[in-house]
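First the structure, in the form of structure tokens, and then the observations on it.
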Amino acid sequence: MIGRISRFLTGFVSRYLPDPLIFAMLLTMLTFGIALALTPHTPIEMVNMWGNGFWNLLPSVCRWR
């Protein structure tokens, strides 16, 4: 009984739930659009800030491991 339910749910999720990368890309684009609308920065400045912020966060993230 539980095996049948788990097979059904596994098939359903693998068929209809998108890859996590899609969520990350959509949230990145949404955040970029909101930031462009609410701040006086240009798109090039926003990309540079995103890139610099990533590399600034990387050492602290590596220490957590």
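Here, each number is a calculation from the coordinates, and none is a lab measurement. Nothing here was measured: the structure is a model prediction, and the numbers come from that model. Quick reminder, even Gly has a Cβ in these numbers, built from the backbone with ideal geometry, and neighbours come from all protein chains shown.
Determine the gain in length on full extension of the stretch TYR16-LEU36; use 0.36 nm per residue of separation and subtract their C-alpha separation, reporting nm with one decimal. Could you put the intermediate results ahead of the total?
Details: separation 20, 0.36 × 20 = 7.20 nm, distance 3.16 nm.
Result: 4.0 nm gained on full extension.
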Inset, instruction - Give the residues of segment 30-65 whose amide nitrogen is closer than 17 Å to a point set 7 Å from the Cα of PHE23 in the direction of its Cβ. - result: 30-31
Legend entry - Longest to shortest principal axis, alpha-carbon extents of segment 2-64, angstrom: 54, 33, 14
Legend entry - Estimated vicinal HN-Hα couplings, Hz - segment 31-45 in sequence order (Karplus 6.51, -1.76, 1.60; Gly, Pro = x): 5, 4, x, 5, 5, 5, 6, 9, 10, x, 7, 7, x, 5, 4
